[in-house]
Amino acid sequence: MRNSRVKVNGLFFVLISVFFYSGLSAEEPLIPNPEDTTKICIPRPPTNVLATDAVYDKGNVVNLNWVPSPDDNGDGKILQYQILRRLENDSVFALIDSVIAGTAFYKDETVESGQTYQYMVVAICDGGSGPSEPSPPVTPDMEWLNFALSNIFVIGLLICGSVIYFIGKAKSGRPLFIRKIAGLEAVDEAIGRATEMGRPILYVPGIQDMDDVQTIAGLTILGRVARVVADYDTKIKVPVSRSLVMTASRETLKAAYMAAGRPDAFNENMAQYITDEQFGYVAAVDGMIIRERPATTFFLGAFFAESLILAETGNSIGAIQIGGTANPAQLPFFVAACDFTLIGEELFAASAYLSGEPRQLGSLKGQDVGKALAMIAIVLGAITTTIGQAWNFEFISAIADLLNSLFRTN
Amino acid sequence: MRRQVPLIITFFIGALLVISVFIPPMVSLKETFTLYFDIIAVFAFFLGGGNLLRVHLGKLYGKKQDWGFSLVTVAGFAMMLIVGLFKIGNPGGIAASITAEGSLFQKLFEYIMVPLGSTMYALLAFFVASASYRAFRAKNREATILLIGAFIILLGRTPFGMMLTSWIPEQLSILQIPNLAIWIMNGPNLAGQRAIMIGIGLGVVSMSIRILLGIERSYLGEDK
Amino acid sequence: MTGWIPRIIAISGSDIGIIISLVVIGGGLAWLLKQSIKAGDVDRRIVFLFIFISVSVPILFPITFSETATPIVKKLYDRIENLPEGSAVLISFDFDPAMAPEVQPMADAFARHCLAKNHKVIFMSLWATGQSLLSTTLQNVVRPEFPEKIEGVDFANLGYKAGNEGVLNVIVTNFRKMFPTDVNSIPLDSIAVFKKIRSCQDLDLIISIGGGKPGAKEWILFVGDPANVPMGCGVAAVTAPQLYPYYPKQLLGILGGIKGAAEYESELVRHYDRFADVKKPGLRMMGPQTLAHVVIMAFIVLGNISYFVTRRRGKKP
């Protein structure tokens, strides 16, 4: 497949070269029409055409830079630049693309690693053209490691390493202090209340699909909640807005009921697909809240504008509500309308917290190392930038720049 | 074994995708796996659609409580599906775009879906009011600061904000309510949001490691 | 002192209707104030009723306010204004019908501005429901107001593509891989707009309009930042605070909610006479929004009065 494409491309280039140099091109004739002497225009060519291999790629990109034609001064004389390319062993250049006047850069993403190429840039005006000198040859290479991301790699390694370290440390049995999260402390009480009142529990794992980590967090908490629900023999309803989430919710519920020794109490319809459409889903869940009057509602996952509509409807029937999301814009709504709110990272910590398992709790401790790093970097960055700019200390500014580059992603 | 296979797949693919970020020849793996997910999600539609029909047809058949809602759901589902699938009333026929101007699908969308969706969204205006009435009370120092902030933002988003404070001289223009509202959004609010975002980022890393290492498996239904 | 009212408010329609309604709202609030002093929480249905009146009255009897663009809106306006003619601008309709009343006015305003400046506009959507709303903009704005603009030459409609961030992951390096054809099944190679555009890196500006996910944030993370393409966005008011961290570096400007739309529309009207008579839903909806804000503030005050009265009574022996 790859070879055939190369052959087709090769044939295409040869045809284009023949077409271009034979002067048959109707659009851009290189040789001006002698009868149309008023339109003759021979632009001065671009200079210093330099082709360089793009770094940290798979060898499929060459960057081309040139100094524009002196005639390219924005008066519309130069219409465009044509980019021509040839393999080292070929005799003719083939047209590969064209760019608008005023441009001095081109990114060729159609090269192959290991081949040697030469480029020419042709300035085109109405009726004439000015070709540059060929660029020095360039051979694009593939790099196996992207060192430009080494800062991300080091920071990632530090954070991941500390998480894994604390997981290992927790396994050794050393007790870890984890602060209390009120919303999660209330889970048992909330489920107990529903049991006492004989009313169902409504669990909404957000409105996003399984490729959103918030949905996964929502489902992991569902696993813990469902286990308690199964123990108490309370009814639970999980309306979802994505088909895959429905399947995953069912599996989670089923396993929780089995772990509780109540497989008979599990019913597939506990997790029910509603619709992908955001507000259609909200209308259906609001209807459920009003009709079935659940005693407890959980809104844990990815939420958007529907957060307040759901939470206020739950509030209007007097349900105990636990909300949580990693969408900062929706947090105020949950805080206003829910009894307990899991703020951002607490949503991801919830499952580990509820499990009480040392290894999971250890991962939360590892997270704190990342936070300490972030805090140190923020304070240092703020101080060095302020001092560097206010008193013009070059050394301090250099430290600020270094910190800045450490956390830059591109 | 039933749990181990998914865990091995999760670990292998997860680790591969993390590593691929740093290895240029493997960068496109991310795209490829995203496409795989989309393909799976498309097939999953049949599961969702099937479940919807099964639940609501069951309610209709048994004339269970609130079966009228199920009737509306099934009728809406069938209508949009048939009109969209067979492109009924489409001026360009079966080959034209489903949303071609004048098509029945587009009309149903424009005259039924759009107003219904907007109506649901508009409920926010009512709920924001009732939630604000309940939540913004000067119960303590923090709540009072929040209350004052909310007042400034609300006023700053209306032309009255400028009307009330336009007399403030240019040198002190930061004290004009709209500018004060922008400062609150760009300063204290932004600082808070960034702190929450950093926490979220770290939370995601920690949770991802737990999932990749198979320590967190309740999403697969494993309790212990 | 009296001159400032006519300067910023232009009341049209039945003034008597507005006055009566304002008296009803004002009288009602005064009665509620009395109730609050007596220490009684207001029923939520009364709050709903007041919001209903405050929103519906300015719709029935339009009140319009003059707007001035704040810097965050002006910067985006200026970027579109100052791009050279023929620049490639992508407008992505990442929203659904529910959000449409709030953000479609922005989409319409951007489309108007770009086409008036003779930019090449590419329309697309990451939301399935966005495609129909895109058609609405083409039908209501582009075709009637710019009959001289030819589809394929002056603008292109790529329609919707499933895959959320996956789509962005691909088009950041290659449009044709994700969109081999436009919405009308015409190959991208045959569309003049795409003659020089291979990937998002060839665009001069990207504007994402929406408020959910995928939206402006995903555009920044997957396209704007990695490909270094200037970006702007128009989002629902509730989402705007989430995007402030990206302004002004990753986002040139942000239009937040109806206020943002109204500010952009007012800038357009100020600079282009041709848009003086077109519909300006953003400006029109500022009336209901302003009155609703005032009512909400009144209820916050009432809530606090009620709270303090209750607390004081609770302290009495």
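Brief remarks follow.
- Residues in the range B:27-52 that are more than 9 Å from chain A (Cβ to nearest Cβ) and of a type in the set (Ser, Thr, Tyr): 2 in all.
- Residue satisfying condition, being more than 7 Å from every other protein chain (Cβ to nearest Cβ) and either open to solvent by less than 20 Å² (accessible area, probe 1.4 Å) or part of a loop (DSSP other than H, G, I, E, B) (or both), within set A:ALA400, A:ALA382, A:ALA372, A:ALA349: A:ALA400
- Going through (1) facing another protein chain (nearest Cβ under 7 Å); (2) open to solvent by 10 Å² or more (accessible area, probe 1.4 Å); (3) of a type in the set (S, T, N, Q) one by one, A:THR341 falls short only on (1).
- Applying a threshold of 7 Å to beta carbon distances and a minimum spacing of six or more residues, or different chains, the list of pairs starting in the range C:121-132 at a residue that is in the same structural domain as C:ILE91 (by TED's automatic domain parsing) and free of Cβ contacts under 8 Å to residues at least 60 places away in the same chain and ending at one that is part of a helix (DSSP H, G or I) and of a type in the set (Asp, Glu) reads C:SER132/B:GLU110.
- Summed over the range A:250-276, the residues that are facing another protein chain (nearest Cβ under 7 Å) and without any contact (Cβ under 8 Å) to a residue 12 or more places away in the chain give a count of 2.
- Residues in the range A:314-325 that are open to solvent by less than 10 Å² (accessible area, probe 1.4 Å) and either within 8 Å of chain B (Cβ to nearest Cβ) or within 24 Å of B:GLU142 (Cβ to Cβ) (or both): 5 in all.
- In the range C:145-170, the residue that is nearest to the other protein chains (Cβ to nearest Cβ) out of those that are among the β-branched types (Val, Ile, Thr) and either free of Cβ contacts under 8 Å to residues at least 12 places away in the same chain or surrounded by fewer than 18 Cβ atoms within 10 Å (Cβ to Cβ) (or both) is C:VAL170.
- Test: residue in the range A:54-64 that is at pLDDT 85 or above, more than 28 Å from A:ASN146 (Cα to Cα) and not in a strand (DSSP E or B): no
- Whether a residue is crowded, with 18+ Cβ neighbours inside 10 Å and either in contact (Cβ under 8 Å) with a residue 60 or more places away in the chain or on the phi > 0 side of the Ramachandran plot (or both) was assessed, and B:LEU180 does not pass this test.
- Search result, residues across the range B:71-104 that are in a helix (DSSP H, G or I) and facing chain C (nearest Cβ under 8 Å): B:ALA95
- Among the residues of the range A:227-246, just one is at the interface with chain B (Cβ under 9 Å from one of its Cβ atoms) and farther than 19 Å from A:ALA284 by Cβ, namely A:ARG227.
- Flag for A:LYS180 being surrounded by fewer than 15 Cβ atoms within 10 Å (Cβ to Cβ) and not assigned by TED's automatic domain parsing to the domain that holds A:TYR273: no
- Top-ranked residue in the range C:43-62 [being of a type in the set (Val, Ile, Thr) and open to solvent by 20 Å² or more (accessible area, probe 1.4 Å); ranked as nearest to the other protein chains (Cβ to nearest Cβ)]: C:VAL55
- Flag for C:PRO58 being outside the structural domain of C:VAL238 (by TED's automatic domain parsing) and on the phi < 0 side of the Ramachandran plot: yes
- Helices (runs of 4 or more DSSP H) completely within the range C:210-304 that count 3 or more residues being under 11 Å from the mean Cα position of the chain (by Cα) and modelled with pLDDT of 85 or more: C:257-271
- Residue check, B:PHE37 farther than 25 Å from A:GLY59 by Cα, open to solvent by 90 Å² or more (accessible area, probe 1.4 Å) and among the hydrophobic types (A, V, I, L, M, F, W, C): no
- Selection status of C:VAL309, surrounded by fewer than 23 Cβ atoms within 10 Å (Cβ to Cβ), farther than 26 Å from C:ALA111 by Cβ, at pLDDT 85 or above and within 14 Å of chain B (Cβ to nearest Cβ): no
- Residue within the range A:285-305 that is free of Cβ contacts under 8 Å to residues at least 12 places away in the same chain and either surrounded by fewer than 21 Cβ atoms within 10 Å (Cβ to Cβ) or touching a Leu at 6+ places or on another chain (Cβ under 8 Å) (or both) present: yes
- Once the range C:177-199 is narrowed to residues that are out of contact with any strand residue (DSSP E or B) (no Cβ under 7 Å at 6 or more places or on another chain) and within 14 Å of chain B (Cβ to nearest Cβ), the residue that is least open to solvent (accessible area, probe 1.4 Å) is C:SER199.
- Residues (within 20 Å of B:MET26 (Cβ to Cβ) and of a type in the set (S, T, N, Q)) located in the range A:121-173: A:ASN146, A:SER150, A:ASN151
- Subset of the range A:324-341 (residues that are out of contact with any Leu (no Cβ under 7 Å at 6 or more places or on another chain) and not β-branched (Val, Ile, Thr)): A:ASN327, A:PRO328, A:ALA329, A:GLN330, A:LEU331, A:PRO332, A:PHE334, A:ALA336, A:CYS338, A:ASP339, A:PHE340
- Residues that are out of contact with any strand residue (DSSP E or B) (no Cβ under 8 Å at 6 or more places or on another chain), within 11 Å of another protein chain (Cβ to nearest Cβ) and not charged (D, E, K, R) within the range A:103-144 comprise just one, A:TRP144.
- Against the conditions (1) within 11 Å of another protein chain (Cβ to nearest Cβ); (2) at pLDDT below 90; (3) more than 30 Å from the chain's Cα centre (by Cα); (4) open to solvent by 10 Å² or more (accessible area, probe 1.4 Å), A:ALA170 satisfies every one except (4).
- Some residue of the range B:187-195 being more than 29 Å from A:PHE348 (Cα to Cα), touching a helix residue (DSSP H, G or I) at 6+ places or on another chain (Cβ under 9 Å), of a type outside the set (Lys, Arg) and part of a helix (DSSP H, G or I): no
The values are calculated or read from the model by the stated rules, or taken from the named source; none is laboratory data. Fair warning: this is a prediction, and the values are worked out from it, not measured in the lab. A quick note on method: Cβ atoms are made from the backbone with ideal geometry, for glycine too, and the neighbour counts reach across all protein chains shown. SASA here: full protein model, heavy atoms, side chains in, ligands and nucleic acids out. Shrake-Rupley method; radii C 1.70, N 1.55, O 1.52, S 1.80 Å.
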